[in-house]
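As structure tokens, the structure follows; a few thoughts come after it.
The values are calculated or read from the model by the stated rules, or taken from the named source; none is laboratory data. Just so it is clear, the model here is predicted, and its values are computed rather than measured. All Cβ positions, even for glycine, are placed from backbone atoms using ideal geometry, and neighbour counts span all protein chains on display. All accessible areas refer to the heavy atoms of the entire protein, side chains included, with ligands and DNA or RNA removed. Shrake-Rupley method; radii C 1.70, N 1.55, O 1.52, S 1.80 Å.
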Amino acid sequence: MPGSLYIVIAGCGRLGSHLANRLSRQGHGLVVIDQDEAAFKGLSSEFSGFRVEGDVCELRALRQARMDKADIVFAVTRKDNANLMVVHAARTLFKVPRVMARVYHPSREGLFRLLGADTVCPTTEAAEKALDWVGPFMVFPGRSAL
Amino acid sequence: MKVLIIGEGKVLYFLTRTFLAKGHTVGLVSNDREECARLARQLKAEIFYGDGSDPALLEDAGIHGTDVVIAVMPQDQDNLAVALLAKKEFEVPRVLAMVNDPENEEGFRALGLNVFSTIRTLASLVEQQAELEEITNLIPVGAGRVNVTEVLLPVESPVAGKALQETGLPPDCLVAVILREGAPLVPRGATRLEAGDRLVLITLPENHGPVLRALTGERR
């Protein structure tokens with residue numbers, strides 16, 4: 001299909017499977033990697049890509065997923081360091097043009113950027129949302145003054 | 001020297017003991033609470049419990065004043081994170097990371113990290129020993145692109161009695177030192193080799209086998 005991209009997703013948890021289902025529905029070529037076969041249950045009937053059962057921290061699993069051909073890689077396992085390893089392989093070894101990682105620990109984001117990945121940090125994102133939401137209510141005096 | 005070791009298990013314990021015995025100041029980080037308590041009783045080292053790839057913990061563990069950081073965890077991704085933090089964020093002068101999967105060696109090096117693979121060293125030792133019993137030592141150096149080997153010239157060696165320049169050794173190898181009756185001798189082209197000599201060789205992995213065969217005979 002013209003305009004279709006080859007996308008590798010490392011980690012098939014809630015975020016990984018959600019991304020995989022949505023992007024597959026859009027017509028892109030998908031490969032999802034997870035070491036736990038049960039994790040692939042999260043893939044819906046819309047998903048028409050491939051599953052690779054393997055440890056994303058082992059190069060052999062990434063090779064099996066043909067990461068060297070990928071246009072985009074998502075590193076979205078539950079472990080920051082595993083995601084860092086995927087980012088390193090994708091950027092340093094397989095020269096993938098666009099790589100995004102989920103990073104739980106905000107203080108580690110610098111490392112991911114250093115290796116050439118964009119990051120999304122659930123903690124920071126949620127805090128930003130919460131602060132945006134609460135902004136309009138931050139008018140004094142509060143209840144105690146009533 | 002101030003050394004900070006991040007790891008677990010026997011590697012962490014014996015590495016720490018070795019550095020302490022040499023008189024260095026050692027701090028160690030383990031993510032196992034019970035192990036930390038045990039090590040605190042066994043070792044005269046500063047012990048920190050927690051995730052070694054957490055920058056805040058590394059700061060608590062005094063990484064700013066540290067000369068050497070060694071990452072020896074059983075997961076390569078953790079060693080990668082610690083080594084990158086130590087080198088790039090905290091600018092520790094010397095950082096060393098263990099790789100468990102030998103396949104990761106090259107990629108980690110590409111990031112400018114100093115790494116070592118115990119598996120690869122062990123595998124090459126075993127391979128070479130199995131091939132030729134005369135070899136007593138084999139050390140891969142220069143990222144595994146150069147071998148340093150110590151080999152005994154047996155009585156049946158085809159080069160025993162020949163001058164070094166007549167031995168017809170393959171190119172790209174060097175007999176660096178001859179140990180004859182315990183004394184070191186740096187050879188020249190005219191130096192004669194004798195059975196019983198121990199040679200310290202510099203070879204490349206691709207000519208390693210041919211060089212050894214030329215020195216010890218074709219019988220194996």
If you place +1 on the Cβ of every Lys and Arg, -1 on the Cβ of every Asp and Glu, and leave all else neutral, what size is the dipole of chain B about its Cα centre, to the nearest 20 Debye? 760
Only helices counted: for chain B, with every DSSP H run of 4 or more residues adding -39500 (n - 2.57) and the sum spread over all residues, [θ] at 222 nm is -9500 deg cm²/dmol
Under a 1.4 Å probe, counting only protein heavy atoms, residue B:22 has an accessible area in Å², nearest 10, of 140
Under a 10 Å cutoff between Cα atoms, tell me which one of A:89, A:127, A:20 has the largest fluctuation in the Gaussian network model of chain A. A:127
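Tell me the per residue accessible area of the protein assembly as shown using a 1.4 Å probe; a whole number in Å² is fine.
53
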Among residues of segment A:67-93, a drop of 10 Å² or more in 1.4 Å probe accessible area, assembly relative to the chain on its own, occurs for A:81, A:84, A:85, A:88, A:92, A:93
Dipole in debye (nearest 20) - segment B:121-216, about Cα centre, beta carbon charges: Lys, Arg +1; Asp, Glu -1: 300
Would you mind giving the mean number of other chain beta-carbons within 10 Å of the Cβ of each residue in A:106-116, as a whole number? 3
In terms of modelled amide H atoms, which long-range or inter-chain residues lie less than 5 Å from the amide H of residue B:177? B:200
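Which order do B:64, A:105 take by accessible area at a 1.4 Å probe, largest first?
Per-residue accessible area, sorted high to low, gives B:64, A:105.
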For chain A, find the longest principal axis of its Cα atoms and tell me its angle to the long axis of helix A:14-25, 0 to 90°, nearest 10. 60
DSSP-defined antiparallel bridges as percent of all bridges, the protein assembly as shown, nearest 5: 35
To two decimal places, what compactness ratio does chain A give when its Cα radius of gyration is scaled by 2.2 N^0.38 Å? 1.25
Leaving ligands, DNA and RNA out of it, report the carbon-plus-sulfur percent of the accessible area of segment B:2-116 at a 1.4 Å probe. 46
Filter chain B for me: DSSP H helices, axial length by Cα at least 15 angstrom, mean Kyte-Doolittle hydropathy not below -1.0. List them by residue number. B:9-21, B:118-131, B:205-216
Which value, in square angstrom to the nearest 100, describes the accessible area buried between chains A and B on both sides, using a 1.4 angstrom probe? 1500
